[in-house]
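Read the structure below first, then the notes.
The values are calculated or read from the model by the stated rules, or taken from the named source; none is laboratory data. Bear in mind the structure is a predicted one, so any value in this text is a computation, not a measurement. Here Cβ is always computed from backbone atoms with ideal geometry, including for glycine, and neighbour counts include all displayed protein chains.
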Amino acid sequence: MSTFLGRLTRVTTAAATGLVLYDVGNREWSTRHTWSSAVKQYAVLALLKLWGAWRLRQLCSDAQRGDEVQRRLLTAILQGHQNTAFAERHGLQGVVTYDIFRESHPLTSRDVPSEGEEPDASSVFFERGFLPAAGVLSLFFPKCLEELQRLAVLPGRTFVGTTWVEAKRLDFLCTSPLAAFDLHDRDQRYAHTLFSLKERRLPLILAGSALDVKALLDTAFEHRRHLVQDIRNGHLWDRCLPEERPSPELFGSLDQGLGGPDSRRSLELDRPLKRHAAQELWPQMQVVTVLDVDEEAKEHLRSSLGVPVFSPLYAIPEGPLGVNVFPEEPFGTWTYLLDPGSAFFELLPPEAEADSRPIPAWEAQVGACYELVVTNRSLCRCRLGEVLRVHAMFGKMPVVSLERKRERTDAGASSLLLTFGLQLSYALVQRS
């Protein structure tokens, strides 16, 4: 019997592998893909579609009973801190319900550092931010995750001049080789622009800020002649020398990433670059995904590239707060469903006094504006200084837009967390 089961397992595995390879072979590949890199991307994207769809359904289910999920989360956070010095100092020992917590724990601002124990936020971001966002992306923009095309992943402005992507496991997914992330400032921007232009069927650009995408387009038009010649010759910086010449090893890695001369692609790019016709650079692009919420920059990109600009998450460095489940913008702007399982949310009238009494998120009124108060998993109950407008209620949780936002410097960090999600997805595929 065991021999029969062993044979059946081997036959089933071989059949499944054959079906996967057949499906991979019938997809449109990036010009830089090999069989190895194509299979890796196929596996990661398949995982993201299935897992993301499941987490998105769970988010919607949690929102339907948001008051129950929020109370349960707050109780779990309070119970996890019962034996800490923080709970003793603030009189929170024995407090496990919202009504008593609201009377016992004062509000602070985001500028005041938390005294509570800082949990690992990476798993929360992955499960409650990255995966639902991937589910939305695959639902509304399925071609981004169907064909085996590399994605343009741009470094955030706060990461310019650093090794932004460190894991070599992502080399199968990004248009730019990892060596491009080791360059400095303008050289780095030039290299990312070059490799993004090299990708003929680029379906998606992922960036921390819409301004980063705008900078890429500006670089493309400003350095048209140099970029076209580099692609034609298959050699980086043929005419325009870098400000800081990279090491021979780094230079070699970048040239290898170009994959040799490509006169066809250089001819395709020359005319649209000369006419500043951004829409013709990547005819198969589906969407630009950014993490900031700059409406002006969004409209500029939308008109330039002719594709939707999608902000999947409302997040702070400590973790995700909401997911954009309405990419079609039925309310006329980006909106985010506050996730009842990511943090505990309360709402204050704008410009409220320090001793004002906030209301729980499930009591929000449609059309009203509120300042957001967040209690995170380190038990910091703080005013974020950002004003939200409630456009609708999804079950018991508000769907909000940012009416007034605090000055942000974390767009690059949020984009880095998205890249971490891709890395973790691939790690899970390897384990399985």
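Remarks
- Scanning segment 295-326 for residues that are assigned to a loop (DSSP other than H, G, I, E, B) and more than 24 Å from Met397 (Cα to Cα), we see that the one that is farthest from the chain's Cα centre (by Cα) is Gly306.
- Considering the conditions (1) surrounded by fewer than 17 Cβ atoms within 10 Å (Cβ to Cβ); (2) modelled with pLDDT of 80 or more; (3) of a type outside the set (D, E, K, R); (4) touching a strand residue (DSSP E or B) at 6+ places or on another chain (Cβ under 7 Å), Trp54 is excluded by exactly one of them, (4).
- Count of segment 378-399 residues which are touching a helix residue (DSSP H, G or I) at 6+ places or on another chain (Cβ under 6 Å), at negative phi and either surrounded by fewer than 21 Cβ atoms within 10 Å (Cβ to Cβ) or at pLDDT below 95 (or both): 2
- Looking across segment 359-407, the residues that are touching a Lys or Arg at 6+ places or on another chain (Cβ under 8 Å), of a type in the set (D, E, K, R) and not in a strand (DSSP E or B) come down to Lys396, Arg406.
Yes/no matrix, rows are residues, columns are (1) more than 24 Å from Glu146 (Cα to Cα); (2) in contact with a strand residue (DSSP E or B) (Cβ under 6 Å, 6 or more places away or on another chain):
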residue: Pro272; (1), (2): yes, no
residue: Leu291; (1), (2): no, no
residue: Gly319; (1), (2): yes, no
residue: Gly322; (1), (2): yes, yes
residue: Glu328; (1), (2): no, no
residue: Thr335; (1), (2): yes, yes
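- Summed over segment 69-89, residues that are in contact with a helix residue (DSSP H, G or I) (Cβ under 9 Å, 6 or more places away or on another chain) and in contact (Cβ under 8 Å) with a residue 24 or more places away in the chain total 7.
- Considering Val309, Val228, the condition of being β-branched (Val, Ile, Thr), surrounded by 15 or more Cβ atoms within 10 Å (Cβ to Cβ) and out of contact with any Ser or Thr (no Cβ under 7 Å at 6 or more places or on another chain) is satisfied by Val309 alone.
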